[in-house]
Amino acid sequence: PDPPSIMGNSPTKLSQRLERAEKTGVLALRDCGLEKVPDRVVSVAGLRVLDMSHNKLTSLPSSLSRLEGLKDLSLDANKLASLPAQICMLPRLETLSAPSNDLTSLPGAIGSLVKLRKLVLTGNR
């Protein structure tokens with residue numbers, strides 16, 4: 001279960017956003033104070049856009065690779081020191097945005113993201 005601090009002490013808000021994402025393919029969890037990715041995020045079928053910008057994320061789960069239809073991943077202004085290698089297993093990823101984090105390197109297989117058109121990494125280490 002997700003910690004109650006998510007979404008301003010409202011787990012129901014998170015549930016509503018997840019339900020809406022099942023229909024729209026878009027999940028916006030921007031400015032939610034997230035310290036970790038809620039487990040249920042990787043279970044959203046047909047997710048195309050995931051915005052987790054402006055949170056307090058320090059890592060991403062390897063299970064993110066389950067989001068095979070993901071085209072746009074925004075991780076701006078978090079506290080990420082690295083990206084998991086599994087991020088390179090997202091065959092449809094076109095945009096990866098992770099500026100203003102603590103990144104010092106990228107996964108070695110980043111070149112396998114053949115659909116990647118936009119990579120934004122300004123303001124990292």
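The values are calculated or read from the model by the stated rules, or taken from the named source; none is laboratory data. Quick caveat: nothing in here was measured; it's all calculated off a predicted structure. Heads up, the Cβs are rebuilt from the backbone with ideal geometry, glycines too, and the neighbour counts pull from every protein chain shown. Heads up: the accessible areas ignore ligands, DNA and RNA and are worked out on the full protein's heavy atoms, side chains in. Shrake-Rupley method; radii C 1.70, N 1.55, O 1.52, S 1.80 Å.
Within region 83-99, track down each residue that is closer than 8 Å to Lys71 by Cα and either out of contact with any strand residue (DSSP E or B) (no Cβ under 8 Å at 6 or more places or on another chain) or hydroxyl-bearing (Ser, Thr, Tyr) (or both).
Arg92, Thr95
Just to be sure, is Ser65 surrounded by 15 or more Cβ atoms within 10 Å (Cβ to Cβ) and of a type outside the set (D, E, K, R)?
Judged against the criteria, Ser65 is a match.
Give the residue that is nearest to Asn55 (Cα to Cα), with candidates limited to residues of region 93-118 that are surrounded by 15 or more Cβ atoms within 10 Å (Cβ to Cβ) and of a type in the set (A, V, I, L, M, F, W, C).
Among them, the one singled out is Ala98.
Can you tell me which of Leu60, Leu50, Leu73, Leu64 is touching a strand residue (DSSP E or B) at 6+ places or on another chain (Cβ under 6 Å) and closer than 20 Å to Gly108 by Cα?
The unique qualifying residue is Leu73.
Without any contact (Cβ under 8 Å) to a residue 24 or more places away in the chain and of a type in the set (Ser, Thr, Tyr), is that true of Thr24?
Yes: the conditions hold for Thr24.
So Pro91 passes all but one of these: (1) part of a helix (DSSP H, G or I); (2) over 13 Å from the mean Cα position of the chain (by Cα). Which condition number does it fail?
Against the list (1) part of a helix (DSSP H, G or I); (2) over 13 Å from the mean Cα position of the chain (by Cα), Pro91 comes up short only on (1).
Suppose the filter is modelled with pLDDT of 95 or more, open to solvent by less than 30 Å² (accessible area, probe 1.4 Å), under 26 Å from Pro11 (Cα atoms) and among the hydrophobic types (A, V, I, L, M, F, W, C); does Leu57 pass it? It would help to see each step written out before you state the result.
Details: modelled with pLDDT of 95 or more: yes; open to solvent by less than 30 Å² (accessible area, probe 1.4 Å): yes; under 26 Å from Pro11 (Cα atoms): yes; among the hydrophobic types (A, V, I, L, M, F, W, C): yes.
Here the answer is yes, as Leu57 does meet what is asked.
Just one of Leu73, Leu47, Leu34, Leu83 is crowded, with 22+ Cβ neighbours inside 10 Å, of a type in the set (A, V, I, L, M, F, W, C), part of a strand (DSSP E or B) and without any contact (Cβ under 8 Å) to a residue 40 or more places away in the chain; which is it?
Exactly one residue qualifies, and that residue is Leu73.
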